[in-house]
Each structure stands twice: as structure tokens, then as C-alpha cells.
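For reference, the structure discussed in these notes is given below.
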Amino acid sequence: MEDLYPIKQFVDEEGKFSDESIKNEISSELVQTFYYHMLRIRTFDRKAKNLQRQGRLGTYALFEGQEAAQVGSALSLKQDDWVFPTYRDHGALLTFGADMPRVFLYWNGRVEGNIHPDRNIFPPAVPIATQLPHAAGAAWAEKRRGTTNASIAYFGDGATSEGDFHEGMNFASVFKLPVVFFNQNNGFAISVPIEKQMNSKTIAQKSVAYGMPGVRIDGNDIFAVYFETRKAFERARNGEGPTLIEAVTQRFGAHTTADDPTKYRDQNEVDAQRDKVDPLLRLERFMKEYGYWDAEWVEVTSKKIEAEIEEAVVQMESFPAPNVDDLFDHVFEEMPWPIKEQKENYLESLRGGN
Ligand SMILES: Cc1ncc(C[n+]2csc(CCOP(=O)(O)OP(=O)(O)O)c2C)c(N)n1
């Protein structure tokens, strides 16, 4: 079959323009903003992994390798937009303006981690693809209210095999809703490689079935991610409906800290490709190639980021351990009897009963 969705790229692996059409839209401020956020979320991700290893954080989903996809997409949001993330998208959330101590608290099982008071961010969807209909619903509400706010649904390649993916896409298209369906294709659904999970050549082509534009981008090229997502949001805000974006990327590490990737892929191969694939390294090469690199600025920025993260850890650790009641108390506004019963049974079992 003809490749209908060639990968779109503006900056190649060596950090050089492969397409100069965006050249006039690039400023040193924009490039530094990209670098700042990518470095910030990478530093956060590594810190979180270390904290988990030290027993100071619960099981954690790593996103190293996916920084360009998360930062580039989140920077194209407006402050009042809606974000529907998965458990792997806290890099995007931090870029959008989520409260960092609360992001840490989420990974420590505290309910405060599900809420970011200053932004329209939904709690991360752990049941795969359930957030897509939610994103369509929020976009519908905004459309009915007559605003120009839009929503973004983040999801992985595995999510496209779930019914909710298709329902969300169909609904958004039929009602021409302002949604961006942002897929990060990192090649794996835990241990299942994409070839074993679907028979379509690309995820972008699934847009055809729902009559919406699809675009396949180099998800490690932050320029491609930023400019293409921004375009999709412009369409959404102009009343032209949803877009499906497939950002082709890679996760360098395990699925979560509870996973051992050496069981299903050759980790040496992943590590060997790193120099070619790493999105932060690509941006660094770009900055050096085109005169945007300022070593002093990078040093000051790294220090600022480290201090911010240390302070967020102090705040996270000032909270007591989570309460068992939290497991039951926040599902419904008024607790229905089956949950009440489950809660009572569980508390009883903790007291040594059956
Ligand atoms: C409905 C549902 N089925 C199965 C799982 C178990 N599960 C957790 S993560 C995951 C893989 C999802 O892969 P993908 O959508 O590609 O996202 P990624 O983890 O790679 O970011 C699965 C199957 C789940 N959480 N929800």
C-alpha cells in the first residue's frame, strides 16, 4: 500500500533543517522555551525514578524519550483549554502549568495529585483510552457555550485498539468538535510491539475512517510537534473539527518502574540508538548549529530546575501517607451502597476481620 502518511519533520537527527518553511517563525525565545521545558521534564522524570528506587515514591511511569512530543503539544495549548492525559503524560501537564508537588503526590497515591487548581486537567486515565470520549465531551460543552476553548486527548499506540478510541473519534467528527487527538506512538503497549497489535501501517491513517485530517509527525522533532499541533488547534478553534496526530517516538526506559523491558526487547539496541533518537540532544544540536546555544544560560537554567524539583520533593514529603478511605471516597459525590459496603468490608479486613 502506498504510504499516505509520510513522517513530517522540520529538523533532522543532526539538528539541521530538513524543511525550512518554519524558519521565519523561530525566535531565540521559542527555542529556549522548548529547551527549558524539555530539560525540566527530563530532570523531573529522572528524579522521580530515583525517588521510586529509594522507596520515596510509588510505582512510576517513565516518559524519557517522549519529551519533544509532550512539550511541543502542551505549548500549543491556551490556558483555558482542557487536557485529558494518561499516566505517562505528566511531562505535558508540567509544561501546561500543572503544580509540580501535586504531580509528585499523584505518584505517592494522594488524592491531591488528581487536581490542579489553576488548569483544566483531568486525572490521568489509567484504563486505556477512556479519556477520548471525555475529551470529546468537554469539547462539545465548550462548543455549545460558544467559546474558542479546545481539548486535547493524549494516548498511546495501544489505546487505538480500544473501543473508546473509536467512539471518541467518531463522536468528535460527527459533531465537528474542537479536539486534538494526540497519539504518542512509542512502539509498545507494555510488552506488545505495534506490529502485533494492529494491522494498519500507521495510526494517522485511522483518521480517514472518521473523516478527519490525520498527520504523522516525527515525535522527536519538537518543531514538527509544536507547529503541527498548533495548526490542529487553529482548525479546532475555527470550528473545523478534530484532528488526529500520530507522533512517532520512543520510550527509552521501562513501561513503569514495575516493568522489566529486557523481557521483550533488546535494551542494548535501544541504548545504541539513543544518540540518534534523543529529542533533547537533537534540540541541543540545533541550537549549536544555528547559534542559539548559550552555555551560561543552560547552566543557570539547569540549576533553577534542580532547585524547583528539590523544593517540590520537600513539599510532597511534608504530606502524610495516603488514607485508605481515599480509595472509596471520591468516585461519586454521594457514595452508593455497593461502594459503602466494599469500604466497610475492606476496613474490617484491615482490622483483622474477614
Ligand atoms: C482497559 C485497560 N486494559 C488494559 C490495561 C493494562 N495496561 C496498562 S498500560 C497498557 C499499555 C498501553 O499502551 P499504550 O496505549 O501504547 O500506552 P503507553 O503505555 O505505551 O504509553 C495496558 C494494556 C489497562 N490499564 N486498561
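Quick note: the coordinates plus some simple rules give every number you see, no bench work behind them. Worth saying up front: this structure is predicted, and the values here are computed from it rather than measured. Note that each Cβ is placed from the backbone with ideal geometry, even for glycine, and that neighbours are counted across all protein chains shown.
Structure above, values below:
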| quantity | calculated |
| --- | --- |
| Dipole in debye (nearest 20) - the chain, about Cα centre, beta carbon charges: Lys, Arg +1; Asp, Glu -1 | 380 debye |
| Shape category assigned to the stretch 23-320 from the gyration tensor of Cα positions, a/c cut at 1.5 | rounded |
| Spatially proximal aspartates and glutamates relative to K47 (Cα-Cα < 17 Å; intrachain offsets below 8 disregarded) | E64, E67, D89, D99, E306, E308, E310, E311, E317 |
| Helix-derived mean residue ellipticity, 222 nm - over the chain, DSSP H n ≥ 4, -39500 (n - 2.57), to 500 | -14000 deg cm²/dmol |
| Distance between the stretch 276-354 and the stretch 64-84 - C-alpha centres, whole angstrom | 17 Å |
| Mean Kyte hydropathy of 0.5 or more with a Cα span along the axis of at least 27 Å, helices from DSSP in the chain | none |
| Within straight-line cross-link reach of K206, aspartates and glutamates at Cα separation under 19 Å, skipping those fewer than 8 residues along the same chain | E2, D3, D157, E162, D164, E167, E195, D218, E228, E240, E246 |
| Proximal lysines to K231, defined as alpha-carbon separation beneath 18 angstrom and excluding residues fewer than eight positions away on the same chain | K8, K23, K78, K176 |
| Cα gyration tensor category, rounded, prolate or oblate, for the stretch 235-354 with a/c compared to 1.5 | prolate |
| Neighbour count of at most 14 Cβ within 10 Å plus DSSP loop: longest chymotrypsin sites (Phe, Trp or Tyr not before Pro)-free window in the chain | 1-263 |
| Label-point separation in nm, D118 to N50, each point 7 Å along Cα→Cβ | 2.5 nm |
| Q342-V314 FRET efficiency (beta carbon distance; Förster radius 30 Å; 0.05 resolution) | 0.25 |
| Estimated FRET transfer efficiency (V111, K16; beta-carbon r; R0 45 Å; 0.05) | 0.45 |
